[in-house]
Amino acid sequence: NAGVTQTPKFQVLKTGQSMTLQCAQDMNHEYMSWYRQDPGMGLRLIHYSVGAGITDQGEVPNGYNVSRSTTEDFPLRLLSAAPSQTSVYFCASSYTGEQYFGPGTRLTVT
Amino acid sequence: DAKTTQPPSMDCAEGRAANLPCNHSTISGNEYVYWYRQIHSQGPQYIIHGLKNNETNEMASLIITEDRKSSTLILPHATLRDTAVYYCIVRVSYNTNAGKSTFGDGTTLTVKP
């Protein structure tokens, strides 16, 4: 049981490039979420999903797309990277209220 | 979800109890209190949650006041590894919002030798 896994751990992008951050969970959780955390700040919700095929926007969705084709996977796509998207990205899953977080992806956009 | 207020930082001596307060004066009757912690840039870790009764698990105890407007997370014997940012979150459990949590700035707990 690996819990929540995220890849890659680190990524450097140039402005305008696109990429996909991967998130997978093996706990059969219905709910999955993406957060970003800027230095010295709390987590902010980007997008979340309440089940396969269902997604919704969080607090800071602009510049990001998500889809949920399976229960296990919830990838986050950066459409055209900007320096303002430099952050640490955390994926989480939950069945009820308590969320389980992955180790994070540290993204730098130059 | 109800808003929470936490002190920005606290210190605690190693081996002593760490008592972290949280104010949630606008909490609704169906909202739970959740606590998470984040150790140095790792992903947040769930600690404990409760509705109105006090709760205890292997990591901590949660004391919720009778009017439910505040709570205290207690780490009974703090160690250096408990140094982290602690987040108090109030949210409804068991519904379609289970994937959403509003994280504030939390309390930075520093355990000192």
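Can you tell me how many residues within the range A:25-39 are surrounded by fewer than 21 Cβ atoms within 10 Å (Cβ to Cβ) and of a type in the set (S, T, N, Q)?
Selection size over the range A:25-39: 2.
Restricting to the range B:25-41, name every residue that is closer than 26 Å to residue A:91 by Cα and either away from chain A (no Cβ under 14 Å) or surrounded by 15 or more Cβ atoms within 10 Å (Cβ to Cβ) (or both).
Answer for the range B:25-41, where residues must be closer than 26 Å to residue A:91 by Cα and either away from chain A (no Cβ under 14 Å) or surrounded by 15 or more Cβ atoms within 10 Å (Cβ to Cβ) (or both): B:31, B:32, B:33, B:34, B:35, B:36, B:37, B:38.
If we keep just the residues of the range A:95-110 that are over 16 Å from residue B:46 (Cβ atoms) and hydroxyl-bearing (Ser, Thr, Tyr), which is farthest from the chain's Cα centre (by Cα)?
Step one: filter the range A:95-110 for residues over 16 Å from residue B:46 (Cβ atoms), giving A:105-110.
Checking which are hydroxyl-bearing (Ser, Thr, Tyr) leaves us with A:105, A:108, A:110.
Working: A:105: 9, A:108: 15, A:110: 20 Å.
Here the residue is A:110.
Taking residue A:45 as the residue in question, decide whether it is modelled with pLDDT of 95 or more, within 14 Å of chain B (Cβ to nearest Cβ) and either farther than 23 Å from residue B:102 by Cα or crowded, with 19+ Cβ neighbours inside 10 Å (or both).
Numbers: modelled with pLDDT of 95 or more: no; within 14 Å of chain B (Cβ to nearest Cβ): yes; either farther than 23 Å from residue B:102 by Cα or crowded, with 19+ Cβ neighbours inside 10 Å (or both): yes.
When the stated conditions are applied, residue A:45 does not pass them.
Show me the strands (runs of 3 or more DSSP E) entirely contained within the range A:21-80 in which 2 or more residues are closer than 21 Å to residue A:96 by Cβ. Break it down into steps so the answer makes sense when it comes.
On the way: elements: A:31-37, A:43-51, A:54-57, A:64-66, A:76-78.
Of the strands (runs of 3 or more DSSP E) lying wholly inside the range A:21-80, those with at least 2 residues that are closer than 21 Å to residue A:96 by Cβ span A:31-37, A:43-51, A:54-57.
Using beta carbons and a limit of 8 Å, which pairs, at least six apart or on different chains, have the first residue in the range B:4-20 and at positive phi and the second one assigned to a loop (DSSP other than H, G, I, E, B)?
These pairs meet every condition: B:15/B:77; B:15/B:78; B:15/B:79.
Hey, which of the strands (runs of 3 or more DSSP E) in the range B:12-78, taking only ones fully inside, have at least 1 residues that are hydroxyl-bearing (Ser, Thr, Tyr)?
Details: elements: B:18-23, B:31-38, B:45-50, B:61-64, B:70-75.
Counting at least 1 such residues, we get B:31-38, B:45-50, B:61-64, B:70-75.
Residues that are of a type in the set (A, V, I, L, M), buried (at least 20 other Cβ atoms within 10 Å of the Cβ), within 10 Å of chain B (Cβ to nearest Cβ) and outside any loop (DSSP other than H, G, I, E, B): does the range A:89-110 have at least one?
yes
Checking the condition loosely packed, with under 13 Cβ neighbours inside 10 Å and out of contact with any helix residue (DSSP H, G or I) (no Cβ under 9 Å at 6 or more places or on another chain), which residue from B:80, B:73 passes?
B:80
The values are calculated or read from the model by the stated rules, or taken from the named source; none is laboratory data. As the structure is a computational prediction, the values presented were derived from the model and not from experiment. Using ideal geometry, Cβ is built from the backbone for each residue, glycine included, and neighbour counts are taken over all protein chains shown.
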